[in-house]
1. Once you wrap a convex hull around the alpha carbon atoms of region 138-213, what is its projected area averaged over all directions, in nm²?
2. Translational diffusion coefficient of region 556-596 at 10 °C, 1.306 mPa s, Stokes-Einstein with Kirkwood Rh over Cα pairs, in µm²/s as a whole number.
3. Hey, what's the per residue convex hull volume over the C-alpha atoms of region 461-518, in cubic angstrom?
4. Limiting things to C-alpha atoms, what are the Rg and the maximum Cα-Cα separation (Dmax) for region 598-642, in angstroms?
5. Give the aspartates and glutamates reachable from Lys245 as a straight Cα distance under 17 Å; neighbours fewer than 8 places away on the same chain don't count.
6. How large is Rg/Rh for region 526-566, to two decimals, with Cα atoms and a Kirkwood Rh?
7. Could you tally the net charge around Ile75, taking each other residue with its Cβ under 15 Å from the Cβ of Ile75, Lys/Arg +1 and Asp/Glu -1?
8. Please compute the per residue accessible area over region 577-647 with all protein chains in place, 1.4 Å probe, rounded to a whole number of Å².
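The values are calculated or read from the model by the stated rules, or taken from the named source; none is laboratory data. Predicted, not measured: the structure shown is a model, and the values here were computed from it. Don't worry about glycine lacking a Cβ; one is built from the backbone with ideal geometry, like all the others, and counts go over all protein chains shown. When the accessible area is computed, the model is the full protein with side chains, heavy atoms only, and any ligands, DNA or RNA have been set aside. Shrake-Rupley method; radii C 1.70, N 1.55, O 1.52, S 1.80 Å.
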Amino acid sequence: MIARAIGRGLQVSAHLLLGAGLALFLSASRRGGHQPAWQASLVRWWHQWLCRALGVEVRVSGQVVPNCLLVSNHISWLDIPVLGAQGELRFLAKSEVRRWPLIGWLAQCIDTIFIERGAHQVSAITAQLVSALTTGGTLLIFPEGTTTDGSGVGRFHARLFGAAQLPGQQIQPVAISYHHGAAPTPETAIAYIGNETLLANLWRVLRHPQLVVQVHFLPPFPVAAGAKRRELAELAQALIVAALKNPFNYPMPKPSNHLFAKERFNTLFSKKGFFFSPFSKERQEDLSRLNLAVVTETYPPEINGVANTMQQLVDGLAARGHQLQLIRPRQPSDPDSAPLVPTLLVPGLPLPGYRGLRFGLPVYWRLRRHWSRQRPDLIYIATQGPLGHAALAAARALQIPTVTGFHTQFQHYSRHYGLGFLLRPISASLRHFHNRSDLTLVPTAALQTELTAAGFNNVQVFGRGVDVTRFAPTRRSAALRQSWGCDERSLVVIHVGRIAAEKNLDVAYQAYRAIAAEQPEATFVLVGNGPEREHWQQRFPDVRCVGAKVGVDLAAHYASGDLFLFPSLTETFGNVVTEAMASGLAVIAFDDAAAHAYIRSGHNGVTVPVTEPAAFIAASVATARDRQRLRELGLAARHTAEELSWERVLGGLETHFAEVLRR
């Protein structure tokens, strides 16, 4: 076997050198600006002899129909010489291929079309393909955007089908599979996936004792007027999937003179064993049952708003029937029990200044290998740390659609840590990160407007819900209030959140002191941890710092307060506002983020302009002075919160995901 592989390797090396010589000859022949008429035939001949040198047996059914857009599943670099040997074809390739030694140069010499990846390049890609199709010739593309192991077909990217919408254009699906001799099961060992080098994969091909490639050129179908790119992609994919179910004995359907009728297509592809029908309920259910990956650098048992939102998102989407895979840093406080959702734990390090928080390391190659084996339909990236950046890069390399979440306004944090000069660079970095994804989700319409004006692309709103069963006025505890030295006649001013410089807590303390000047029995309870907690305990001994709370215990702390002060100006949302409202508390806040979205000042809480801390203090004193008004505001706040269900929010999120996948 080794001797045979070496012999084949020598033949391949000689053939590549011959290809280099032919490429030089072609380059010289083109100096007048004209392509030789015999170039396409020469390239096809070269591909045929490369397959022979590799020891590959190619079996073909059907034939290339000239001047079509050919679309094929993609398993290996070997697909190109195998398919190139069957007709005079041009290929589409990633721009990186142009830079490969020798191979890139050879690809360029045979008029390969090189494209930049990313959703923002859709218009440019479509223009290139349209130009290639309108100038004549036959173009072949791999709409999966990456290779698979051959055991299935990845989702076809609709963006590559934009050029197929030309009047009179036809699409010819091509199904390719690799086998060990006559074995009907796919030979996954030769697939070129993951982090394998080209030389290592070539060596396995050379050593293979009997590699057979089965190619089906299926009948082309014309594109009907008004056909959508996603429908064309799904139809081509389904036809290829059907052919691969029985690669050696697939009954070739007769050519159609029109785009497949819905009834005929549903009859063919709604049978058990086929993946989906784009025109039927089965396909609609497929879009509502996605394989999703969620990447986040914060997750429970960490305690913060983003971690809480991510848990609601993951648990909620799993409960709605989606397949979830969670990627996050390993935490020292992780429970021993197995997670409910498949989880990939990656190395992480403590976030400087926040002992309870960690950031994930940029495990780019690990993510590429993981998603090559377990390819998701879409990846949601919640955080912009090293792990988030690695995840976005890996997803783009594998051509997997991505949605990013704008959960934290890091650019505003810099002002509170003596780093205001970094505001613009941080903003630019965040914009660059999010603009490389297919969609950016923000929690409020106001933030959507702000980011769009700042140059962020494709920004949509993904709101927030609140668990009104957990956070409720019924959680109020007389025993807990007594532990604070308070009875029912006492006024408890409460704040829940991270105790940190960017939270503007000095304003809350000033408001409390102003309240205490009128009501000496008032108590200020601060729930949470953070880098400033020790400082607060030393500087303000009259404040009860009770630490971080979770679950029912947290809900009891909310409900046992009377007035909730929230002075932060750096929130993307502020989950604690809606949790306080659900707990029946009157909320005093600046007119920003969640407070701007859900509080009608004077009806279910009080908001003041963001530039007026004095107004915040005055509103706190006035509201605390009238206990009856406190109760009325809290009751109205509860009614508002009851409308903020996570089910509604998750339904909107699914809509955003579906829109990205249909592009």
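1. Its Cα hull, projected and averaged over all orientations, spans 6.5 nm².
2. Answer from the Stokes-Einstein relation: 155 µm²/s.
3. Measuring per residue, one finds 150 Å³ for the Cα hull of region 461-518.
4. 10.9, 31
5. Of all the aspartates and glutamates, those that pass the test against Lys245 - Cα under 17 Å, at least 8 places apart if same chain - are Asp149, Glu187, Glu234.
6. Using Cα coordinates only, the ratio equals 0.98.
7. -2
8. For region 577-647, the solvent-accessible area averages 41 Å² per residue.
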